[in-house]
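Below: the structure, in structure tokens.
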Amino acid sequence: MLIVSNWKAYVDTEKRAEELIRVAKRITKKRSFQNTLFVPVLAPPFPLLGVYRKRISPLSCASQDVSNIAPGSGTGEVTARLLRALGVSYVIIGHSERRKNGETDSLVREKTQRALEENLIPIVCIGENFRDEHGQYLSELRTQIRAIFEDLDVRLAKKIIIAYEPVWAIGKGAGGAMQPDDLEEMVLYIRKCISEHIPERSALQLPILYGGSVLAENAFLLVKQGRVQGLLIGRSGVESDAYQELVKALSKTS
Ligand code: PGA
């Protein structure tokens, strides 16, 4: 089970980065969620990724974004090829905090394809901004999913991980996450939308993560009842106590 810690811009000192790496290595060792071993992934900001990628090993690294361009003239861009060469395994693409800054569905698609070309595993974020009573949010999700999978080679599509992060649930703290039964339904809906583009069998096997106010209090039920293959966490991954509590809560045996 994947637990991807998105450090966002929270972690801005080397001391704090080092502490989080130490805790992640210690706490996740040999722990499992109902017999499925944890796969902890740390996603530091770019400069810390460069400095600490070797220290993070054998845990995996993710970048918080990737460029859509090939190596060349692109000031400020960080290419998939460079990330791959540095030993990064996963890239988070289309996080709502980037979409809010103008990242479109088509840019998300380009970035996803660029990551796949370089053998990086894309963790592509989707999620509705808010819930409306007419179900418009379902079409919003379907459109995001179409942009990712339409006409994509199935062999490549199978390498994608989807992170479902309803924007209204992100960064809300206790009580802000979605309910596990709601998540279970949304996961079914997401798989149905994906199966409009790739064979149903492959759509059923695609890993789906949940993100949005995951805490020690709600993590276990969200994963178990929500039937997700892991979590994308923000706040709970950047405070070492909260991170330890979360991992312990997930690894309880019931
Ligand atoms: P949160 O963030 O866990 O702080 O709600 C999740 C995310 O943005 O990925």
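Could you size up the charge dipole of the chain around its Cα centre, putting +1 on the beta carbon of Lys and Arg and -1 on that of Asp and Glu, and report it in debye to the nearest 20?
It works out to roughly 1160 debye.
Which residue, ILE161, PHE149, GLY175, has the largest displacement toward the positive end of the dipole of the range 143-182 when charges sit on each Cβ (Lys, Arg +1; Asp, Glu -1)?
Checking the options against the dipole of the range 143-182, the answer is ILE161.
Among the lysines, select those whose C-alpha is under 18 Å from the C-alpha of LYS15, and discard any that sit fewer than 8 residues away in the same chain.
In chain and number order, the partners are LYS25, LYS54.
Using only the alpha-carbon atoms, what does the chain span along each of its principal axes? Please give whole angstrom values in decreasing order.
50, 44, 31
In the range 61-159, how does Rg compare with the Kirkwood Rh, expressed as the Rg/Rh ratio over alpha carbon atoms?
On the Cα set of the range 61-159, Rg over Rh gives 1.00.
With a 10 Å radius around each residue's Cβ, average the other Cβ atoms per peptide and rank 152-160, 225-233, highest first.
Descending mean neighbour count gives 225-233, 152-160.
For the full complex of protein chains and a 1.4 angstrom probe, list HIS197, HIS134 by accessible area with the highest value first.
Numbers: HIS197 50, HIS134 155 Å².
The residues order as HIS134, HIS197, largest area first.
Amide H of VAL214 versus every other amide H placed in the peptide plane: which residues, excluding those fewer than 5 positions away on the same chain, fall under 5 Å?
GLY234
Below 8 Å between Cα atoms, with a sequence gap of 6+, how large is the relative contact order for the chain in percent?
After rounding, I find 20 percent.
Report, by chain and number, residues whose modeled amide H sits under 5 Å from the one on SER63, excluding near sequence neighbours (fewer than 5 apart, same chain).
For SER63, whose amide H was placed from the backbone, the distant partners under 5 Å are TYR90, VAL91, ILE92.
With only alpha-carbon atoms counted, please give the Rg and Dmax of the range 1-97, in Å.
14.0, 48
How many angstrom separate the Cα center of the range 43-78 from the Cα center of the range 88-144?
With the range 43-78 and the range 88-144 each reduced to a Cα centre, they are spaced 18 Å.
Run the quick spin-label model on ARG31 and ALA174: label points 7 Å from Cα toward the beta carbon, then report their separation in nm to one decimal.
2.0
What figure in square angstrom, to the nearest 10, would you give for the accessible area of PHE130 with a 1.4 Å probe?
140
Whole-Hz ³J(HN,Hα) for each residue in the range 196-203, computed from phi via Karplus 6.51 cos²θ - 1.76 cosθ + 1.60 with θ = phi - 60°, x for glycine and proline: what do you get?
Per residue, the Karplus-derived 3J(HN,Hα) values read 6, 10, 10, x, 4, 4, 5, 4 Hz.
Probe of 1.4 angstrom, ligands and nucleic acids ignored: what's the accessible area per residue over the range 78-174, in square angstrom?
Result: 48 Å² of accessible area for each residue.
Gain in length, GLN136 to SER240, computed as 0.36 nm per residue apart minus the alpha-carbon separation, to one decimal in nm?
Extra length available between GLN136 and SER240 comes to 33.6 nm.
For the chain, which whole-number percentage of the solvent-accessible area (1.4 Å probe, protein heavy atoms only) is attributable to carbon and sulfur atoms?
Accessible surface attributable to carbon and sulfur in the chain totals 49 percent.
With the cut-off at 26 Å, tell me which of the pairs LYS30/LYS224; LYS111/LYS252; LYS8/LYS159; LYS29/LYS100; LYS8/LYS111 have Cα atoms farther apart than that. Each step should come with its number before you reach the end.
Numbers: LYS30/LYS224 19 Å; LYS111/LYS252 37 Å; LYS8/LYS159 24 Å; LYS29/LYS100 36 Å; LYS8/LYS111 18 Å.
Pairs exceeding the cut-off: LYS111/LYS252; LYS29/LYS100.
The values are calculated or read from the model by the stated rules, or taken from the named source; none is laboratory data. In this text the structure is predicted, and so the values were computed from the model without any measurement. Here Cβ is always computed from backbone atoms with ideal geometry, including for glycine, and neighbour counts include all displayed protein chains. For the accessible areas, the whole protein counts, side chains as well, though only heavy atoms, and no ligand, DNA or RNA atoms are used. Shrake-Rupley method; radii C 1.70, N 1.55, O 1.52, S 1.80 Å.
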